[in-house]
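**Q** Here it is, the structure in full.
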Amino acid sequence: MIASTAIIKPGAKIGKNVEIGDFCVIGENVVIGDNTKLYNNVTLLGHTTLGQGNTIFPYAVLGTPPQDLKYQGELTTLVLGDNNLVREHCMFNPGTLGGGGKTVIGSNNLFMAYVHIAHDCIVGNNNILANNATLGGHIVIENNVNIGGMTPIHQFVKIGEGAMIAGASALAQDIPPYCLAEGNRAKIVGLNKFRMRKILSREDIDSISTLYKKLFSGKQSLQEVATLELETNPIDEIKHICNFILESTRGIPFKRGEL
């Protein structure tokens, strides 16, 4: 059902069984997948593509030009997967040419009210971003991540699988998979055992716990430990953590001996 007050520009592609509420605005280059619901006063502009089964709540704005002074109107995109919940007043921007030209959001995510996803971010699947979480440009969030409310995240930060950032933190460095970080500036304070129990086996949890003691409580550098573990440990999750550390560009925030 499409409300009579909705404005849908010629060229927009609307899937099957899509609901569009009163006073929505849909631009000419927007694609909306099947079984999607837009509540009232939703704005979708630019080259924005929504997959299937997404629910967008009132006053969310997706696809307006990125908040980057270098942007000069180039054709860039915003792509969402399936079954995302985008709550009130969220704002997601497309990419920029300098960042690859696209912002990509996966599936089955919950974005609570006032979440901002800036240009060129890559967000995976099954993540929860609480109210007023704010992502600067070029951020990568893997899968099964929780970001607490009122938490800004610096440009180019990467957050690994299963990590959690506590509410009212300010994050400026990379957080490896399965870590719990908090504070301003946020640093690692432990493991996100709650999420780990949901997605990992007991054996893998024990192996990761052992690795993190070596990483954060030993005398060797993170890079030395990660390199050695990559050579000797066959567990996929361990290899992912070690590669994450070795590829980090913003550094890992922790205080040795406190974990």
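**Q** For Ala181, work out the one condition from (1) without any contact (Cβ under 8 Å) to a residue 40 or more places away in the chain; (2) of a type outside the set (S, T, N, Q); (3) outside any loop (DSSP other than H, G, I, E, B) it doesn't fulfil.
**A** It fails just one condition, (1).
**Q** Given Ile241, Ile245, Ile175, Ile235, which one is β-branched (Val, Ile, Thr), modelled with pLDDT of 95 or more, open to solvent by 30 Å² or more (accessible area, probe 1.4 Å) and under 27 Å from the mean Cα position of the chain (by Cα)? Working first, answer last.
**A** Details: Ile241 fails: open to solvent by 30 Å² or more (accessible area, probe 1.4 Å); Ile245 fails: open to solvent by 30 Å² or more (accessible area, probe 1.4 Å); Ile175 fails: open to solvent by 30 Å² or more (accessible area, probe 1.4 Å).
That would be Ile235, the only listed residue that is β-branched (Val, Ile, Thr), modelled with pLDDT of 95 or more, open to solvent by 30 Å² or more (accessible area, probe 1.4 Å) and under 27 Å from the mean Cα position of the chain (by Cα).
**Q** Next up: Mind listing whichever residues of region 17-56 are part of a loop (DSSP other than H, G, I, E, B), open to solvent by less than 30 Å² (accessible area, probe 1.4 Å) and without any contact (Cβ under 8 Å) to a residue 40 or more places away in the chain?
**A** Val18, Gly21, Cys24, Gly27, Val30, Thr36, Val42, Gly53, Asn54
**Q** Could you look through region 111-122, keep only residues that are in a loop (DSSP other than H, G, I, E, B) and of a type in the set (A, V, I, L, M), and pick out the one that is surrounded by the most Cβ atoms within 10 Å (Cβ to Cβ)? Give the steps one after another, and end with the answer.
**A** Applying the first criterion (in a loop (DSSP other than H, G, I, E, B)) to region 111-122 yields 112-115, 118-121.
Among the residues that remain, those that are also of a type in the set (A, V, I, L, M) are: 112-113, 115, 118.
Working: Met112: 20, Ala113: 17, Val115: 25, Ala118: 23.
The extreme case among them is Val115.
**Q** Name every residue in region 123-154 that is without any contact (Cβ under 8 Å) to a residue 24 or more places away in the chain, open to solvent by 10 Å² or more (accessible area, probe 1.4 Å) and under 19 Å from Thr64 (Cβ atoms), in order of residue number.
**A** If the condition is that a residue be without any contact (Cβ under 8 Å) to a residue 24 or more places away in the chain, open to solvent by 10 Å² or more (accessible area, probe 1.4 Å) and under 19 Å from Thr64 (Cβ atoms), then Asn132, Thr134, Gly136 are the ones that fit.
**Q** Check Val115, Val86 and return the single one that is under 19 Å from His138 (Cα atoms) and either modelled with pLDDT of 95 or more or more than 16 Å from the chain's Cα centre (by Cα) (or both). Break it down into steps so the answer makes sense when it comes.
**A** Details: Val86 fails: under 19 Å from His138 (Cα atoms).
Selected residue: Val115, the only one of Val115, Val86 that is under 19 Å from His138 (Cα atoms) and either modelled with pLDDT of 95 or more or more than 16 Å from the chain's Cα centre (by Cα) (or both).
**Q** Give the residue that is nearest to Pro176 (Cα to Cα), with candidates limited to residues of region 215-232 that are open to solvent by 80 Å² or more (accessible area, probe 1.4 Å) and assigned to a loop (DSSP other than H, G, I, E, B).
**A** Gln220
**Q** Going through region 67-100 one residue at a time, which ones are β-branched (Val, Ile, Thr), in a loop (DSSP other than H, G, I, E, B) and more than 14 Å from Leu45 (Cβ to Cβ)? Spell out the reasoning first.
**A** Taking region 67-100 first, the residues β-branched (Val, Ile, Thr) are 76-77, 79, 86, 96.
When the remaining residues are screened for being in a loop (DSSP other than H, G, I, E, B), the result is 76, 96.
Scanning region 67-100 gives a single hit, Thr96.
**Q** Still on this structure, please answer the following. Could you tell me whether Ile205 is within 22 Å of the chain's Cα centre (by Cα), open to solvent by less than 10 Å² (accessible area, probe 1.4 Å) and at pLDDT 95 or above? Break it down stepwise before answering.
**A** Numbers: within 22 Å of the chain's Cα centre (by Cα): no; open to solvent by less than 10 Å² (accessible area, probe 1.4 Å): yes; at pLDDT 95 or above: yes.
Spelling it out, it is not the case that Ile205 is within 22 Å of the chain's Cα centre (by Cα), open to solvent by less than 10 Å² (accessible area, probe 1.4 Å) and at pLDDT 95 or above.
**Q** Which of the residues belonging to region 96-110 are in contact with a strand residue (DSSP E or B) (Cβ under 8 Å, 6 or more places away or on another chain) and crowded, with 21+ Cβ neighbours inside 10 Å?
**A** Passing the criteria: Thr103, Ile105, Gly106, Asn109.
The values are calculated or read from the model by the stated rules, or taken from the named source; none is laboratory data. Small disclaimer: the values here were computed from a predicted structure and weren't measured. Quick reminder, even Gly has a Cβ in these numbers, built from the backbone with ideal geometry, and neighbours come from all protein chains shown. Ligands, DNA and RNA are excluded from the accessible area calculation, which covers all protein heavy atoms including side chains. Shrake-Rupley method; radii C 1.70, N 1.55, O 1.52, S 1.80 Å.
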